[in-house]
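Visitor: To start, I am sharing the structure in question, which I have written as C-alpha cells.
The values are calculated or read from the model by the stated rules, or taken from the named source; none is laboratory data. Predicted model only: the values in this text are computed from it and were never measured. Cβ placement follows ideal geometry from the backbone for every residue including glycine, while neighbour counts extend to all protein chains displayed.
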C-alpha cells in the first residue's frame, strides 16, 4: 500500500523519524499573520460591506476554519504563544509590551522557527515583531540583539513593536535600517527625550489626532506612545509600510525558491494608526480601517502571486490568520466608528480585541496546500499555539518534554484529514476561559466590564459564566445557574491546566 506523503510524514513523526529524509517534497510554509483582523472583517466569513478578493480566493482553494483561535485577545501574548507553543498567561511579562522592552522569548528554547530550521528550512520574520529586543536598556545605534535571529530566524526585517509606539524605525537582522550615526536614536517610555514636538503640546502639527493616549512624540504628523529623538533618516513613512514589508517578504521567497523555507509575514495594516497607501485611501467606503483591510488583502495577494509566478504554490502550505479580534477606536480619531456603515468587524461574535468573549480570540484561519488540503469548511477547534507541534510533526520533528508545553499536534485537523482538533482550549484576555466542545466557562473576575476607551465588552463578572456556543454563538444567554455541575466540571479542568504548568502530555 502506498502512503500519501502527509500520512507518511505524520507516521514518521510519531515514531520520531525525520520525515524530510524519506519525503524530499517538504512543503514551503508561509504564515500570513494579520493584526487586529476580525472574524467578520473578510467576505468569505460573511462581510458584505467590504471586499477581500485575494483572501476569498485563498479560501476557495483551501480549508476555512470557523472555530480557530489566537492564543490571546491581544498581540504580544498571541505572538509569544504562536512562536513558543506556550500559553502566554503562564509567564509574567508577556502582556502588551512597550517599544523598548527586552526580548521575552529565551534564546535557546525550542520555537516554531528553530524547529523548522532544524528540519532544514530557511526561516524569516518580516513585519511586526512586538516581542522585545535586547536584554534591557537597548542601544538602538549599535548591534540589536538578542532578537529574532537568536530564537530561530535566519533573517528578519521587522518593526520593533507597533505603529503607534516608538521607535518608528525598521530593524533588519541586528541593525536599524538607514540610521545616520551622526543622528543617534534615544528612546524613552518614562519621560521626554530631545526636543521633538509632542501631540499633547502641539496638536496643531497633527494630521490625525488621538482619541485617547497616543499624544507623545510626533512622527509623520501622528503622535505616538513614547518619546524618541534622533534617527530622523531611519524613521518610517506609515503610508509606505505595507509596500516595504511585502517587498521584503516576496524577496525572501525569491531568494529561497530552491530550498524549503518558512516565512512569518506579520503585517501591521489594520492596527492603529491606520494610514493606507494612496492606492487604497478612500477606496473601501468604510474609512481608513476599511481601506487598510483592503490593503492587507493586497499584501496577501502579492504573496500568492509570487508563489504562482515562481511555480511554488503547489508545494507551499499557506496559513492566513490574525493575532486577535477586531477593535474600531483604538486610540486615534480616524472615523473608524462613524464610517462602519453597518459593517460588523466581529461578525456574529460578542466582544473583540481585549475581550474574553469569542470576539477576542476567534479569528479567521485559512489553510491552503494544493493537492494536499481539500477545499472546504472545518469547525474543528484549533489554536495558533498548536502551530509549533503540528508543523513540527509535518516535518518529522519530535518535541522534548519541556518544549512547547501547550502545543498539540492537530495536523490532521489543519490538513482536513480529521473533523476534530483540540479537546479543550484555554482562551485568554484579562481573565481566562475554557472551551470544551460547544461549552465555554469564563472564570470569575473582578476587573472592569468595559474597556471604556475602545467601547469593548471585556467579559469580566464576579461569578463564573457559562455559554453553549453551538446554540448561542453570540454568548447572549448565561447558563451558569442552570448547569452548576457543568460550571464546576469546566472550572476544575481549567484549574488543573493552570496548576500543571503545561497541558501537552
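Visitor: Can you find, within the stretch 104-143, the residue that is surrounded by the most Cβ atoms within 10 Å (Cβ to Cβ) among those that are assigned to a loop (DSSP other than H, G, I, E, B), touching a helix residue (DSSP H, G or I) at 6+ places or on another chain (Cβ under 9 Å) and at positive phi?
Guide: Among them, the one singled out is 130.
Visitor: Go through the stretch 213-253 and count every residue that is closer than 19 Å to residue 35 by Cβ and part of a loop (DSSP other than H, G, I, E, B).
Guide: Of the residues in that region, 7 qualify.
Visitor: If I ask for residues that are within 26 Å of the chain's Cα centre (by Cα) and surrounded by 15 or more Cβ atoms within 10 Å (Cβ to Cβ), which ones from the stretch 190-214 would you list?
Guide: Filtering the stretch 190-214 for residues within 26 Å of the chain's Cα centre (by Cα) gives 208, 210-214.
Selection gives 208, 210, 211, 213, 214.
Visitor: Let me ask something additional. So how many residues does the stretch 84-94 have that are buried (at least 17 other Cβ atoms within 10 Å of the Cβ) and either touching a strand residue (DSSP E or B) at 6+ places or on another chain (Cβ under 8 Å) or part of a loop (DSSP other than H, G, I, E, B) (or both)? Steps first, please.
Guide: As a first pass, look at the stretch 84-94 and keep what is buried (at least 17 other Cβ atoms within 10 Å of the Cβ): 84-90, 94.
Okay, now just the ones that are also either touching a strand residue (DSSP E or B) at 6+ places or on another chain (Cβ under 8 Å) or part of a loop (DSSP other than H, G, I, E, B) (or both), so 85-89, 94.
Here the count works out to 6.
Visitor: Would you check which residues across the stretch 10-53 are in a helix (DSSP H, G or I) and either within 18 Å of residue 289 (Cα to Cα) or modelled with pLDDT of 50 or more (or both) and list them? Quick ask: steps written out before the conclusion?
Guide: Here is the first cut: in the stretch 10-53, the residues in a helix (DSSP H, G or I) are 10-14, 19-22, 43-45, 53.
Passing the criteria: 43, 44, 45, 53.
Visitor: Can you report the number of residues in the stretch 419-440 which are under 14 Å from residue 78 (Cα atoms), modelled with pLDDT of 95 or more and not in a strand (DSSP E or B)?
Guide: 1
Visitor: Consider residue 503 carefully, then state whether it is out of contact with any strand residue (DSSP E or B) (no Cβ under 8 Å at 6 or more places or on another chain), in a loop (DSSP other than H, G, I, E, B) and either within 30 Å of residue 110 (Cβ to Cβ) or not assigned by TED's automatic domain parsing to the domain that holds residue 90 (or both). Lay out the reasoning, then the answer.
Guide: Details: out of contact with any strand residue (DSSP E or B) (no Cβ under 8 Å at 6 or more places or on another chain): no; in a loop (DSSP other than H, G, I, E, B): yes; either within 30 Å of residue 110 (Cβ to Cβ) or not assigned by TED's automatic domain parsing to the domain that holds residue 90 (or both): yes.
The answer is no for residue 503.
Visitor: Next question. Against the definition (surrounded by 16 or more Cβ atoms within 10 Å (Cβ to Cβ), in contact with a helix residue (DSSP H, G or I) (Cβ under 6 Å, 6 or more places away or on another chain), free of Cβ contacts under 8 Å to residues at least 60 places away in the same chain and under 26 Å from residue 95 (Cα atoms)), how does residue 503 come out, yes or no? I'd like the intermediate steps shown before the answer.
Guide: Values: surrounded by 16 or more Cβ atoms within 10 Å (Cβ to Cβ): yes; in contact with a helix residue (DSSP H, G or I) (Cβ under 6 Å, 6 or more places away or on another chain): yes; free of Cβ contacts under 8 Å to residues at least 60 places away in the same chain: no; under 26 Å from residue 95 (Cα atoms): yes.
Criteria not met by residue 503.
Visitor: Return the only residue of 461, 413 being surrounded by 24 or more Cβ atoms within 10 Å (Cβ to Cβ), without any contact (Cβ under 8 Å) to a residue 40 or more places away in the chain and out of contact with any helix residue (DSSP H, G or I) (no Cβ under 7 Å at 6 or more places or on another chain).
Guide: Working: 461 fails: surrounded by 24 or more Cβ atoms within 10 Å (Cβ to Cβ).
413 is the lone residue from the list that is surrounded by 24 or more Cβ atoms within 10 Å (Cβ to Cβ), without any contact (Cβ under 8 Å) to a residue 40 or more places away in the chain and out of contact with any helix residue (DSSP H, G or I) (no Cβ under 7 Å at 6 or more places or on another chain).
Visitor: Considering each of 255, 333 in turn, give the residue that is over 22 Å from residue 395 (Cβ atoms), surrounded by fewer than 23 Cβ atoms within 10 Å (Cβ to Cβ) and out of contact with any helix residue (DSSP H, G or I) (no Cβ under 9 Å at 6 or more places or on another chain). Walk me through it before giving the result.
Guide: Values: 255 fails: over 22 Å from residue 395 (Cβ atoms).
That would be 333, the only listed residue that is over 22 Å from residue 395 (Cβ atoms), surrounded by fewer than 23 Cβ atoms within 10 Å (Cβ to Cβ) and out of contact with any helix residue (DSSP H, G or I) (no Cβ under 9 Å at 6 or more places or on another chain).
Visitor: Would you check if residue 149 is crowded, with 18+ Cβ neighbours inside 10 Å, under 23 Å from the mean Cα position of the chain (by Cα) and outside any loop (DSSP other than H, G, I, E, B)? Spell out the reasoning first.
Guide: Values: crowded, with 18+ Cβ neighbours inside 10 Å: yes; under 23 Å from the mean Cα position of the chain (by Cα): yes; outside any loop (DSSP other than H, G, I, E, B): yes.
Answer is yes for this residue.
Visitor: Just for the stretch 299-312: of the residues that are out of contact with any helix residue (DSSP H, G or I) (no Cβ under 7 Å at 6 or more places or on another chain) and in a helix (DSSP H, G or I), which one is farthest from residue 374 (Cα to Cα)?
Guide: Going through the qualifying residues, I end up with 309.
Visitor: Still on this structure: Give the residue, chosen from 368, 362, that is crowded, with 23+ Cβ neighbours inside 10 Å, modelled with pLDDT of 95 or more, under 22 Å from residue 299 (Cβ atoms) and in the same structural domain as residue 117 (by TED's automatic domain parsing). Before you say what the answer is, go through the steps one by one.
Guide: Values: 362 fails: under 22 Å from residue 299 (Cβ atoms).
The conditions single out 368.
Visitor: Taking the stretch 49-58 as the search range and keeping residues that are surrounded by fewer than 24 Cβ atoms within 10 Å (Cβ to Cβ) and touching a residue at least 24 places away in the same chain (Cβ under 8 Å), which one is farthest from residue 365 (Cα to Cα)?
Guide: The initial filter retains those residues of the stretch 49-58 that are surrounded by fewer than 24 Cβ atoms within 10 Å (Cβ to Cβ), namely 49-51, 53-54, 56-57.
Remaining after also requiring touching a residue at least 24 places away in the same chain (Cβ under 8 Å): 49-51, 53-54, 57.
On the way: 49: 20, 50: 18, 51: 17, 53: 16, 54: 14, 57: 13 Å.
Here the residue is 49.
Visitor: Here is a further query. Among the candidates 268, 277, single out the residue that is surrounded by fewer than 20 Cβ atoms within 10 Å (Cβ to Cβ), in contact with a helix residue (DSSP H, G or I) (Cβ under 7 Å, 6 or more places away or on another chain) and in the same structural domain as residue 129 (by TED's automatic domain parsing). Please lay out each step first, then the result.
Guide: Working: 268 fails: surrounded by fewer than 20 Cβ atoms within 10 Å (Cβ to Cβ).
277 is the lone residue from the list that is surrounded by fewer than 20 Cβ atoms within 10 Å (Cβ to Cβ), in contact with a helix residue (DSSP H, G or I) (Cβ under 7 Å, 6 or more places away or on another chain) and in the same structural domain as residue 129 (by TED's automatic domain parsing).
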